[in-house]
Structure formats: C-alpha cells, structure tokens
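Report on one structure; see the data block that follows.
The values are calculated or read from the model by the stated rules, or taken from the named source; none is laboratory data. Note that the structure is a prediction, hence the values are computed from the model and not measured. Glycine also receives a Cβ, built like all others from the backbone with ideal geometry; neighbour counts cover every protein chain displayed. Remember, those area values only see protein heavy atoms, side chains included, never the ligands or the DNA or RNA. Shrake-Rupley method; radii C 1.70, N 1.55, O 1.52, S 1.80 Å.
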Amino acid sequence: MGDVLLTLDGRQIHAQTGATVAAAIMNNEVMTFRQSITGDGRGPLCGMGTCWECRVTVDGRAHVRACMEPVRDGMEIQTVPAAWYHPPKGWDRCGSREELSADVVVVGAGPAGLAAALAAAMSGSKTLVIDENPTSGGQIWRADRVAGPTRRATALRQAAEDAGARFVHASVTEATLDEIVAVRPDTRPLQIRSTTIVLATGARETWSPFPGWTLPGVVGAGGLQALVKGGLHIRGRRVLVAGHGPLLLAVAAYLRRRGADLVGIAAGWSRGRERALLPRLLTRPSKLRQAASLLSSLRGVRRWYDARLISASGPDQVRTATIRADGSDHTLDVDYVAYGCHLVPQTELARGLGCHIDRSAVLVNDLLQTSVDGVFSAGEATGIGGVDLALVEGTIAGYAAAGRHDQARRHLRRQRRERRFADAVTRAFVEPMGPESLHGDTVICRCEDVSWRSLSCFEGANGARDGKLATRCGMGPCQGRVCGPINQAMLGWAHDRVRPPLQPTSVETLVQRGARENEHD
C-alpha cells in the first residue's frame, strides 16, 4: 500500500491508500471534525455512518461522512467550519436515474445478507444485494481498509456472485413492497423493483450518556475498532474500554493486538454473571475455545467489574475519564475512550414497510417471514445474536424468500441452538441503561445539543411528541438513531416513528426523483 497526498484545512498531509478520511484526519492529530449547533467540538462516535458526527467537507461536498469515505490522491478536506456546498467542476449532480429489478432484493451485505444472497441465488432467483458500505462483511467482518477484507466475507460474496447475485453500493432512502429507492455515493438515484425483500440491516451501538461523552476521542467501542480498521493509528495510544455487552472484550482484544495501551476495562457486568456462562460454554467446544483465546489475549489488562463510566474531561478532546467501581472513583489518563452499551437492531426500514416490531427487533416466524407478505428479515435485525446466528438465519431467509421452504427448514434446529446461546450471552454481559450518571446539562441529542434537563420533564410515552416539537430532539442528521434508544430506555418514549427519507438526502436528489416520476405519469 502506498501513500496519497491530501489537503486538510489548507495544509498538505499524507495518508495510506485504502484508509478512510476519518482515519487520515485523526492520524494528523485533528480530533474535532465539526462544531455542534452550540459551538462544541465533535468527532467520530459510531465509526459506521450512523451518527453523522464525523461529517466534513470533501472536494466541495458538504456533510460527507468521513468514516465511510476512502481517501483519494489530491482530495481536499475541510473540517470546521464546514464550507457551504459548491459543486466542483465535472461533478454531475443530475446523472440519470438507474433502474434495476430482481426476484429477491437483500438489503445489507453483512454475514446474514451474504448468506441470504447465496441461498437465494443458488435457488435460481435473480438476486440483488444493496449495501451502503463499499465492501461487504457488515460491521462484524468490516474490511480492514489497509490489510484488506476478511477471508470469510470475501469467500461468501464470491460464492454468491458465482451463483448469480449482483451487489450494488448505495444507501436505501425509502421502500415500499414494490420498489426500493436508494442513492449512489455520487448522489445518483437508484430505483429497484422486486417481488421479495430480505432485510439484513444489522445492528448499531447504543450508549448511556454521561458528562463529557460528546468530547472528541470518546468513541463507540465498535466505532473505535472500525476506525482502526479504516487506518487509524492506535499503537501506543492509551485507551479505556468501558460499558457492557460481549462486544467490549472483543474490541479490547483487537485494540491490544494493534498495539493500543489498554489502561483497563470497566465492565458493566458482574464477575458472577460472567462465570455463570461457563456451563453453557462447556456444551459448545468451539465457543469455549474462542472465549479462552479472548481471555488469554487480555491477560494482564486491569479489569473492574460492576463498573460505570461517570465522566470524561479535557479542554478540547478527552484527556481523562473517571469510572466508579469497588465503591470508589478512579480517574485515568486516556487518549481514547471506547465506550458502548451493547447493540440495538436497525429496524427503520422494516418499520417503514409496516413490519411488526417486538422488543426493538423485527418480529418473524420460523422461516423468518415478517408480518408483511414478501418481506423476510435475518440476523441482528431480528435480535442481537452474533455472527453464527446471523449466518444460519440468512441461509433460512434466503431459501424461504426463493420459495425453497424445504431447504430452509433443514437449518431450523441449528438456528434455535444458536439463539439459545446468544440469549445466554446477553444475560451474562448486558445491563439495562439508566440515568444514574446524568447531570441536567448532559447532552442527550447530539445532533441538536438537547440536554437531559430539557427532556426529563417530558417523561412517559405521551411526552415523545411534545418533547420533539419543543426541543428538536431526534430531528438532526442521525434521525434519532443515537438518541432514540436512549430516550426509550430513560423516558419511555416509543422509538417507532419512521418517515422517508431514511437517510439524509439532498434536496437536489429528491427534486430530481420527483421530476422523473412526473415524466412517467
């Protein structure tokens, strides 16, 4: 891999080919990507394009998600204050609309989506896979932009393509039972017609806010891992890993392998609950080996149990973090805080299609059919369960979507086994969110800088609409993906309102689509 030459805020920098814009910026000691509406500095949080905290101006295009954009030679990047959009010469904002059709459209190219695409294509269905990431694998198999994609993701995609599946890089903005509308990275609209849809939309991290969580350098646990895979240099950096959920240990092990100086793991679960998982592991030798390898890789790293991250501080980016454990507070010097409170299924597209949701996950039957005819769902969207469950659910959904119910049923026993194990892991590592560390001025909605004090008076399900109208909470670029689960857990607000577009979309694209629809009327 060679170097490319970029311009960052008027000065020339070097970045490694294949790295993301976010990694290139942070590797040059710039942590503040944008300013919030109240002037606070903000940096990346999720690392997967959900939070929109990393948006910058690239080659005149405003609001580019730096964690999703690969570097290119000669690229011009501007952080705060972002310039207003001026289209560069040769930038085609009015390219023709693309129209595609398929028997089975799979939304999401993570493990579940890849498995579904392979099963559907092998069954003879014309299959199309759409994903907003430039490479396949989802977050669990997220490609290392420098080292390359994972072998399992590459093998599954190749097998699916060999069977006839086609892959498209675009973001879904709205969908009906007859049509999916998406936008290419260059803003060209894409219209896809299908008879059957498989939703493999995965999951995203969620967080319990605390004072200082908006500081640049406080990053989601999976978010920091994604940034490192995107080329962020982490060697020698002091990192505190904190929160709850099994993802934390995997992230800590990955960061340590990449050379991070782990100052500790603030585990939100108890030692007893962790040990209670052992009997279940003894029945699954492969899982036991994985757990043993994981714990061995973390040998010597300090770990606190029943710990809570209560604050982070620093003048312009995080410098110290304070955790509460063992009846006392511990303040640690850090360069990064990798923080997460487990995962939440991404159900916006399913809700938009009218699918029933149960306990924040898409409700499906044994063959992963949703409540809407012709719509199936698999993987984390149906409930957090990990890669092995996602693979078998994707296979079931793919066969069922193609009408091969006999083939789908052959995998049901394994699916039930993986689900039981996933539920046991969740019980061991996941704690419900609570407002124990919140101050009145703690920011809840990062897009609109809405504080806990502003929202707490609207507690209860009936307060959701009033709170949104009064404070704009959930009306920013992330469209409630960050603050929605927080408000649901802490205030009882139902996070169930979905309106198109499902992703921030330029007015030009919407006008263009409307104009072309009128041409066909």
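Observations, loosely collected:
- Farthest toward positive dipole pole in segment 397-502 [+1 Lys/Arg, -1 Asp/Glu at C-beta], among Ser454, Gly440, Gly474: Gly474
- The charge dipole of the chain, taken about its Cα centre with unit charges on the Cβ atoms of Lys, Arg (+1), Asp and Glu (-1) only, comes to about 1800 debye.
- Averaged over residues, the count of other Cβ atoms within 10 Å places the peptides 381-394, 21-34 in the sequence 381-394, 21-34, highest first.
- Two-decimal log10 I(q)/I(0) for segment 366-428, as the Debye equation yields it once each C-alpha is a single scatterer, q = 0.18, 0.20, 0.26 Å⁻¹: -0.58, -0.70, -1.07
- Relative intensity of segment 199-335 on a log10 scale, I(q)/I(0) at q = 0.13, 0.15, 0.20 Å⁻¹, equals -0.59, -0.78, -1.31, per a Debye sum over C-alpha point scatterers of equal strength in the absence of solvent.
- Sulfur and carbon atoms: percent of accessible area, the chain [1.4 Å]: 49
- Dipole-positive endmost among His233, Gly379, Trp304 within the chain (Cβ charges, Cα centre): Trp304
- Each helix, a run of at least 4 DSSP H residues, gives -39500 (n - 2.57); summed and divided by the residues of the chain, these come to -8500 deg cm²/dmol at 222 nm.
- In Å, descending, principal axis extents of the Cα set of segment 438-490: 24, 23, 20
- Calculated FRET efficiency for the pair Arg465/Glu76, C-beta based, R₀ 45 Å, to 0.05: 0.60
- Per-selection Kirkwood Rh - the chain (Cα, Å, 1 d.p.): 23.6
- Value of relative contact order over the chain, rounded to a whole percent, pairs C-alpha under 8 Å and six or more apart: 16
- Percentage relative contact order, segment 295-365, counting C-alpha pairs under 8 Å, at least six apart: 18
- Computed on the Cα trace of segment 261-412, the radius of gyration divided by the Kirkwood hydrodynamic radius gives Rg/Rh = 1.10.
- DSSP beta bridge pairing in the chain, given as percent antiparallel to the nearest 5: 50
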